[in-house]
Amino acid sequence: MTVGIVVVGSVNLDLVVATPRLPSPGETVLGGEFRTVPGGKGANQAVAAARAGAACAFVGAVGSDDFGRMLRDNLVAAGVDVRGLRTADGPSGVALITVDAAAENCIVVSPGANATLAGLTAADRAAIGAADVLLLQLEVPLPVVAEAAGCARDGGTTVVLNAAPAAPLPRHLLDLVDMLVVNEHEAAVVAGLPAHTGTAALVDALLALVPTVVLTLGTRGAAYGDRCGLRLRVPAPVIDAVDTTAAGDAFTGALAVAWVERGTASSEDALRWACAAGAACAQRPGASVALPERARIDALFHEAYRNTA
Ligand code: RIB
């Protein structure tokens, strides 16, 4: 089966410098070579889903600059359907990214054209209604996120919201979400709980808001909970990470594919496969360029979990 996924989200050009360590406020550090890499949480998740085997369409906006042309070409090269990609007058979205020696990063996003995304076309709505999964993030204006979620609900399409960057969310949007994918920081913000709240408490609090919760835990793997009472915890593959940028996007894109493909098979394996995708992404530098193909995800999945019952 080919899974159909529509992403409504952001697309950025990532301006990346590696440094031995991330600077403190007011501090200058000398970094390494400067690189430009296609990114943006929406585009990354679209490419991740396409590389994981889905037929994927992207609804978003690039600017009328050279970056916009590069970003459009990158999505096309990945096999993503870009008929829903607008070109807005003005600059494309840009992300300033610093990556340290421990593979952690700091990201500042200038939304550019992403901020102009307003209102879905009839073609966007038809694509969302015909898809298996609508994938959403929070780097485009909230009204269009909510409109897309409402359209998916009308069409019986599963809504997966990756609530990144972290933001408190209105009830009318949460009511349209089938699965929420968040890291611990994002989970605490959405749930209105203090930082460092424990994993189980975060999952329980979020299940009061949405029916299914996936908590990404970085090198500790992922936790899962749903309103049927199922709770899962899966470890992450042990790898040498070089850059965790877009690892969460690789996880979310792959999870959307695995979730539909699993049929009656194990939800736990779908989570493991998503963890393998995130880990495979972290093994290579950059965002879009590091997102793994299905064969690489399969290989790491089997290597990491072969002794798992
Ligand atoms: O999730 C990683 C992405 O966040 C980067 O590609 C950057 O563009 C920001 O959107």
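The values are calculated or read from the model by the stated rules, or taken from the named source; none is laboratory data. No experiment lies behind these values; they were computed from the predicted model shown. Glycine also receives a Cβ, built like all others from the backbone with ideal geometry; neighbour counts cover every protein chain displayed.
Observations, loosely collected:
- The strands (runs of 3 or more DSSP E) found wholly in region 1-112 and carrying at least 2 residues that are of a type in the set (A, V, I, L, M, F, W, C) and within 16 Å of the ligand (Cβ to nearest atom) occupy 4-8, 12-18, 34-39, 55-63, 93-99, 105-110.
- Looking across region 207-231 at every residue that is farther than 14 Å from TRP273 by Cα and part of a strand (DSSP E or B), the one that is farthest from the chain's Cα centre (by Cα) is identified as ARG231.
- The residues of region 258-275 that are within 16 Å of MET179 (Cα to Cα), of a type in the set (D, E, K, R) and in contact with a helix residue (DSSP H, G or I) (Cβ under 6 Å, 6 or more places away or on another chain) amount to a single one, ARG262.
- Scan of region 125-148 for residues that are within 19 Å of VAL3 (Cβ to Cβ) and assigned to a helix (DSSP H, G or I), ordered by number: ALA126, ALA127, ILE128, GLY129, ALA130, ALA148
- Of all residues in region 117-176, those satisfying the criterion of being of a type in the set (S, T, N, Q) and surrounded by 21 or more Cβ atoms within 10 Å (Cβ to Cβ) are GLN137, THR157, ASN162.
- Exactly one residue among ALA276, ALA299 is at pLDDT 95 or above, within 25 Å of GLY9 (Cα to Cα) and either more than 15 Å from the ligand (Cβ to nearest atom) or assigned to a loop (DSSP other than H, G, I, E, B) (or both), and that residue is ALA276.
- On inspection, ASP249 does not qualify as over 22 Å from ILE107 (Cβ atoms) and either among the charged types (D, E, K, R) or part of a loop (DSSP other than H, G, I, E, B) (or both).
- Residue count, region 104-156 (criterion: without any contact (Cβ under 8 Å) to a residue 40 or more places away in the chain and either among the acidic types (Asp, Glu) or touching a Cys at 6+ places or on another chain (Cβ under 9 Å) (or both)): 4
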